[in-house]
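Please treat every number below as a calculation from the coordinates, not as lab data. The structure displayed is predicted, hence computed values, not measured ones. A quick note on method: Cβ atoms are made from the backbone with ideal geometry, for glycine too, and the neighbour counts reach across all protein chains shown.
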C-alpha cells in the first residue's frame, strides 16, 4: 500500500466518522420528537479497480416498523371512535340527570306526582294547587331543556365533522406536496428522512379521524387509503366534501336534505348500511352521533313527552274538556297529535288555562280545564284521577321502548337506565381499546431513539475518528521524513 492510498483511506474514514457523528447527534437531539424515525448511516467499501480505497457513505436509512405503526394508528382511530361515543353518552346522561339531582327529569316527574297528591289531599288550598301547576311547568321545561341539549349535541357533532374534514383535506394536500419533494430529493441522491418524518406527523394527526392504511410506491411517495379501501392519497390528494349547518332541529336529517352527507371527490359516500365508508374512527362516530344516536335519544324523549300528555288527555278524565281541545300538557299550546311526535319534548308546555301569568287559574287543575267558574273547593275527584293517571300502567307506543306497561315514573326511570347501560358498555369498550392502544404506543416508543445505544455508538465513532486521524498523522510524518531524506 502506498502512502497516498493510506492517506486516502484514512481521509475517507474521517469523512464517514464525521457523517456518522452527525447522524447519531441528530438521533439524540430528536429522542423526544414525535414522528421522528431513528437514522443509521449506510457505509460500504470503496473499490477502485481490484483494490480497496477506503469507505464511502451510501446513504442514511430511516428505520420504521410499518406493521406496528399501522396497528397503532388503527388503534388510535378506534380509541377516537369509542371516546367520542362514550363522552356523548356521559353528557346525555348528565343532561337527563340522575334521581339524586334536584333538577333531573326523574326528580321533576316525582315532584309533579307528589304535588298532585298533596293538592288532592287539600283541594281547597290555592297554594297547593299553584304548587302542582308549578311542578307541571317545571317538568315540561325540563323536557324542553333536555331536547334542546340533544340538538346542541347534534349541532356540535356537525361542527366537529366540518373541522375534521378540513383537517383531513389540509393534511392530504401537504402530504402530496411532500411526495413531490421526496421524489425530487430521492432522485437527486439527497437524504429525505426529514420529509418522511414530516409525513409521519401529518398522518398521525388525522389517524384518529379515519382508520388508515399506508404504503410507498417505487419512487418513495406515500399512498394513503382508508381501511375500507377509499383512496385518500394516490398520486393526487382526494378532497372530502361536507357542508355544516348553523341550526339543528329534531326533524333535520340527511334523508330529507336538511343535513349534509360526506363526499369524496364529489362522489357521495355511504355512511350507513352494510358497508359504511370511513368506518371505525372519530369522523364516523360523529356522523353516528348526529344521524343515529342523537335522533334516537330525541325519539325516546319525545315518547316520554307523548306518554305524559296522553295520560292527561285520556277520554273521560276531565269532563269539562271538549274533545280535540288541548289537555294539561300541550304541543306549543295546541292539542298533542301523535302523528307530530318528532320534537314534541322541545315544544311541550302546560295549558295556558292553568297558568296565572298567561291569564289562567290554578283552580282549573281541580275543577277542569273547561270550567268557566270556580267550583266547590273541597272537590278532589279530578285531582285524584290525575294522580292515578300518573301511576297507571300504560304501554309505550313509540321511542324504541318495549311494549311493556309502565307508570310515567317507570318510563322515565327506564329511559335513564337505557342511557346509563349504554354509557357503561361504551366505557368498558373504551377501556379495552385504550389498553390495546397503550400497549402498541409503548412498543412503538421502545423502537424509538435509544440514547444509551446512541452514546455507545458515539464512543465507537470517536475511536474510529481518532484511529483514522492517527493514520493521517503517521502518513504526514512519513512524507516529511521522505522530504527530509531528499535534501
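With the convex hull drawn around the C-alpha atoms of region 181-271, the volume per residue stands at 121 Å³. With the convex hull constructed from alpha-carbon coordinates only, region 1-94 shows a mean projected area of 8.9 nm² over all directions. Of the peptides 25-33, 226-234, the order by per-residue mean of other Cβ atoms within 10 Å, starting with the highest, comes out as 226-234, 25-33.
Within region 266-389, all pairs of alpha-carbon atoms sorted by distance into 5 Å bins from zero give the percentages 2, 10, 16, 16, 13, 9, 7, 6, 6, 5, 5, 3, 1, 0, 0. Rg over Rh for region 333-406 works out to 1.05, both radii taken from alpha-carbon positions and Rh defined as the Kirkwood radius. Once the Cα atoms of helix 408-446 and of the chain are each reduced to a long axis, what angle between those two axes, in degrees from 0 to 90 to the nearest 10, is obtained? Relative to the chain, helix 408-446 is tipped by roughly 0 degrees. Show that you can apply the helix-only estimate: for the chain, add -39,500 (n - 2.57) for every DSSP H stretch of four or more residues, divide by all residues, and state [θ] at 222 nm to the nearest 500. Per the formula, -19500 deg cm²/dmol.
Computed over the chain, the range of Cα coordinates on each principal axis works out to 141, 42, 37 Å, biggest value leading.
Measuring nothing but how far apart in sequence close Cα pairs (under 8 Å, 6+ apart) lie, relative to its length, region 69-436 scores a relative contact order of 24 percent.
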